[in-house]
Amino acid sequence: MIDPFLLSMVLIVLLSIAGLSVGLAMMCGSFLYLIMKGYDPSIASEQLLQGLYNGYTLLAIPLFILAADIMNIGSLADRLLKFCQALVGRFRGGLGHVNVVSSVIFSGMSGSAVADAVGMGKIIIGLMTRDGKYTASYAAAITAATATIGPIIPPSIPMVLYALVSDQSVGFLFAAGLAPGLLMALVMSLMNYVIARRRGFPTDDAVPMSELPRVTMQAFPALMLPVILLGGIYSGIVTPTEAAAVAAAYALMISVMLYRSVTFRAFWDTLASGARSAGSIGVLIAGSITFNYVITREDIPNALATWLGSMDLSQTGFLLVVNVLILLLGCVLEGGAILLIVVPILIPAVQAMGIDLIHFGVIAVVNSMLGLITPPYGLLLFITANITKQPLGAIVRDIWPFILALLFALGVITYCPDFVLFLPRLLGYQG
């Protein structure tokens with residue numbers, strides 16, 4: 001007799017390989033498990049409704065997607081890039097530094113790595129490859145690498161997903177991501193500087209300091225979006241979900257009324273694109289909620305916690321094992337799937353080891369985002385390869401130094417919990 005759980009896992013893998021979305025594959029596997037176990041299949045619907053009943057925070061996801069899409073169709077991205085160019089373009093490897101800084105600023109608005117790569121990425125890659133200043137593969141590699149900052153610096157869609165499965169505060173998770181995100185930006189800037197010196201990449205044309213106030217004022221309305229967003233959350237004026245709505249409304253207002261750069265047709269296309277993106281995430285959430293019921297019925301989280309406990313690992317060893325596991329899974333699984341399927345299984349063991357769940361959430365999100373730039377899955381690699389029309393192998397060769405730099409940052413984030421929790425504690429977190 002074939003084990004129902006094993007058979008459901010095989011079905012999920014086969015359907016995913018065949019091209020079905022992971023969310024739908026998990027639903028099919030869950031239904032197969034319920035039928036083979038003799039349970040009423042309607043349990044799946046019941047679990048889904050119960051999982052979403054208190055999921056008010058999930059409304060932030062489509063709203064953050066909409067805000068990012070509006071910024072991409074308006075002139076906000078162009079103005080932000082000019083500001084970044086004036087700020088750091090004068091240094092060796094200038095446009096590489098512009099790429100990093102623009103990702104930091106844009107991540108404070110979108111919360112999405114894909115939005116960063118598709119929006120700002122198209123523009124900055126064009127600037128870097130113009131006149132042959134940088135190779136196209138290097139421009140693609142650094143753009144993919146810096147886009148991973150998007151889900152770390154608040155706001156963050158993956159942090160919202162982690163909050164769903166861990167029952168932690170979205171606000172404190174956002175705060176915990178700020179310092180790690182800046183650390184990731186720092187190590188990538190340093191790596192870009194080293195590579196620029198080695199390969200002779202040029203500095204950008206220096207913008208006169210007298211021009212900096214004018215460029216700053218042109219970008220000022222866009223720069224205020226993260227301030228309004230995070231200020232509203234941490235002052236208690238709005239919840240993270242309400243802040244996402246404010247972000248979308250503010251981006252639309254300044255794009256239409258101030259910059260006058262959005263047509264009705266472009267806005268309509270943005271709504272349709274945002275709905276498709278939100279729908280794909282929604283299917284993934286629905287599938288994970290259903291499959292998590294199967295995992296719970298099999299008592300896998302407790303079994304895993306018991307097994308890890310029998311290994312007598314220290315916190316240091318446990319976190320090393322978990323990081324390696326997530327890194328390997330990130331090579332073949334999408335980040336959202338890791339956060340919604342794998343992380344809930346690990347949470348009981350994390351609690352048993354006495355590891356703070358906010359700290360672990362940042363580790364899990366940073367680690368799963370590395371999967372976006374590691375082959376063979378590497379969604380950001382495929383996006384930038386499509387933009388530059390470069391072979392995937394050439395981009396992978398140029399991105400390895402940045403992966404190593406991000407692994408160093410991950411090590412600091414993992415083994416220096418005070419570095420991660422410093423800001424949340426200032427804001428009242430008791431962990």
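Considering only A67, A278, A244, the Gaussian network model of the chain with Cα springs below 10 Å gives its largest mean-square fluctuation to A278. Once the mean of 1/r is taken over each pair of separate Cα atoms and inverted, region 335-431 shows a Kirkwood hydrodynamic radius of 15.2 Å. Under the rule a/c < 1.5 gives rounded, and otherwise a/b versus b/c splits prolate from oblate, where does region 282-410 land using the Cα gyration tensor? It comes out oblate by the Cα gyration axes. Ordered by solvent-accessible area of protein heavy atoms (1.4 Å probe), largest first, the residues M9, M27 come out as M9, M27. L87 contributes an accessible area of around 70 Å² to the protein surface, as traced by a 1.4 Å probe with all chains present. Highest GNM mean-square fluctuation among G121, G23, G200, for the chain modelled with Cα contacts below 10 Å: G200.
Using a 1.4 Å probe on the protein chains only, how many percent of the accessible area of region 257-324 belongs to carbon and sulfur? Please report the intermediate quantities before stating the final value.
Numbers: 2400 of 3870 Å².
The nonpolar share, carbon plus sulfur, comes to 62 percent.
Of all lysines in the structure, the ones whose alpha carbon falls short of 19 Å from that of K133, not counting any fewer than 8 places away in one chain, are K82, K122, K389. Largest accessible area first, the residues V246, V332 order themselves as V332, V246 under a 1.4 Å probe with ligands, DNA and RNA left out. To the nearest 10, the accessible area of K389 is 150 Å² with a 1.4 Å probe. Kindly provide the helix-only [θ] at 222 nm of the chain, computed as the sum of -39,500 (n - 2.57) over DSSP H runs of four or more divided by all residues, to the nearest 500 deg cm²/dmol? Value at 222 nm, helices only: -24500 deg cm²/dmol. Treating each Cα of region 183-230 as an identical point scatterer and summing with the Debye formula, the log10 of I(q)/I(0) at q = 0.21, 0.28 Å⁻¹ comes to -0.91, -0.91. According to the Kirkwood relation over distinct C-alpha pairs, the hydrodynamic radius of the chain is 22.3 Å.
Of V262, V10, the residue with the largest accessible area leads and the full order is V10, V262 (1.4 Å probe). Membrane-span-like helices of the chain, defined as complete DSSP H segments with a Cα extent of 24 Å or more along the helix axis and a mean Kyte hydropathy of at least 0.5, are identified as 170-199, 212-234, 264-297, 392-415. For the pair D40 and D167 in one chain, pulling the backbone fully straight at 0.36 nm per residue adds 42.9 nm over the alpha carbon distance.
Taking the Cα centre of the chain as the origin, how large is its charge dipole in debye, to the nearest 20, when only Lys and Arg (+1) and Asp and Glu (-1) carry charge on their Cβ atoms? Working shown, then result.
Working: 19 positive and 20 negative charges, 293 e Å.
It works out to roughly 1400 debye.
Look at the alpha carbon pairs under 8 Å that are at least 6 residues apart: their mean separation over the length of the chain gives a relative contact order of 24 percent. What whole number of Å gives the distance from the Cα centroid of region 356-408 to the Cα centroid of region 276-348? For region 276-348 versus region 356-408, the Cα centre distance is 19 Å.
Under a 10 Å cutoff between Cα atoms, tell me which one of M36, M311, M191 has the largest fluctuation in the Gaussian network model of the chain. Residue with maximal mean-square fluctuation among M36, M311, M191: M311.
Computed from the Cβ-Cβ distance with R0 of 25 Å, the FRET efficiency linking F419 to L327 stands at 0.80.
Determine, from the Cβ-Cβ distance of F220 and V256 and an R0 of 25 Å, the FRET efficiency 1/(1 + (r/R0)^6), rounded to the nearest 0.05.
Working: r = 17 Å, r/R0 = 0.69.
E(calc), rounded to 0.05, equals 0.90.
The share of alpha-carbon pairs in region 207-290 lying farther apart than 19 Å comes to 59%.
List the relative contact order of region 309-431 as a percent without decimals, with contacts defined as Cα pairs under 8 Å and 6+ residues apart.
On the way: 99 pairs, mean separation 32.7, N = 123.
Once divided by the residue count of region 309-431, the mean separation gives 27 percent.
How many Å² of accessible area per residue for the chain, probe 1.4 Å?
On the way: 18130 Å² over 431 residues.
It amounts to 42 Å² per residue over the chain.
For S280, the solvent-accessible surface with a 1.4 Å probe is about 70 Å², rounded to the nearest 10.
Taking trypsin sites (Lys or Arg not before Pro) across region 230-301, the ones in a DSSP loop with at most 13 further Cβ atoms lying within 10 angstrom of their Cβ are R260.
The values are calculated or read from the model by the stated rules, or taken from the named source; none is laboratory data. In this text the structure is predicted, and so the values were computed from the model without any measurement. Quick reminder, even Gly has a Cβ in these numbers, built from the backbone with ideal geometry, and neighbours come from all protein chains shown. When the accessible area is computed, the model is the full protein with side chains, heavy atoms only, and any ligands, DNA or RNA have been set aside. Shrake-Rupley method; radii C 1.70, N 1.55, O 1.52, S 1.80 Å.
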